[in-house]
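The values are calculated or read from the model by the stated rules, or taken from the named source; none is laboratory data. Just so we're clear, the structure is a prediction, and the values are computed from it rather than from any experiment. Cβ sites come from the backbone with ideal geometry, for glycine too, and all protein chains shown count toward neighbours.
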Amino acid sequence: MIRITVSIRLTTQQVENYYRGRIRWVIATAPDGRTVQLPFKVLHPFISKNGIDGMFIITTDQKHKFKTIDRLPTKPRQNLDAEV
């Protein structure tokens, strides 16, 4: 199995474009320069009211065929716009 870690951040508008049939694929680049192309449908479990935002591990077979995607646990982002 091959594992690739990528960061994916999609706005609500980009998610809407998928549902309107304008997008079918998401392309992400790993820190080591590898590029992966994923069918948008594998990201369905990760859609929130704010779109999609997180670090993910993509697992493929030796022929680079998609097998799984898992979200890495992350710390909540701080709201930098909040008043102190």
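Looking at the range 62-70, can you tell me whether even one residue there is hydrophobic (A, V, I, L, M, F, W, C), modelled with pLDDT of 95 or more and touching a strand residue (DSSP E or B) at 6+ places or on another chain (Cβ under 9 Å)? Checking the range 62-70: at least one residue is hydrophobic (A, V, I, L, M, F, W, C), modelled with pLDDT of 95 or more and touching a strand residue (DSSP E or B) at 6+ places or on another chain (Cβ under 9 Å).
Please verify whether the range 35-47 includes one or more residues that are within 11 Å of THR5 (Cβ to Cβ) and surrounded by 12 or more Cβ atoms within 10 Å (Cβ to Cβ). Spell out how you get there, then give the answer.
At the first step, the residues of the range 35-47 found to be within 11 Å of THR5 (Cβ to Cβ) are 36.
Then keep just the ones that are surrounded by 12 or more Cβ atoms within 10 Å (Cβ to Cβ); that gives 36.
Yes, the range 35-47 has at least one match.
Screening the range 5-34 for residues that are within 14 Å of the chain's Cα centre (by Cα) and among the charged types (D, E, K, R) and picking the one that is surrounded by the fewest Cβ atoms within 10 Å (Cβ to Cβ) gives ARG24.
The C-beta contact set for the range 22-47 (first residue in contact (Cβ under 8 Å) with a residue 12 or more places away in the chain and within 13 Å of ILE8 (Cβ to Cβ), second residue part of a loop (DSSP other than H, G, I, E, B) and among the β-branched types (Val, Ile, Thr), distance under 9 angstrom, 6+ apart or interchain) comprises PHE40/ILE23.
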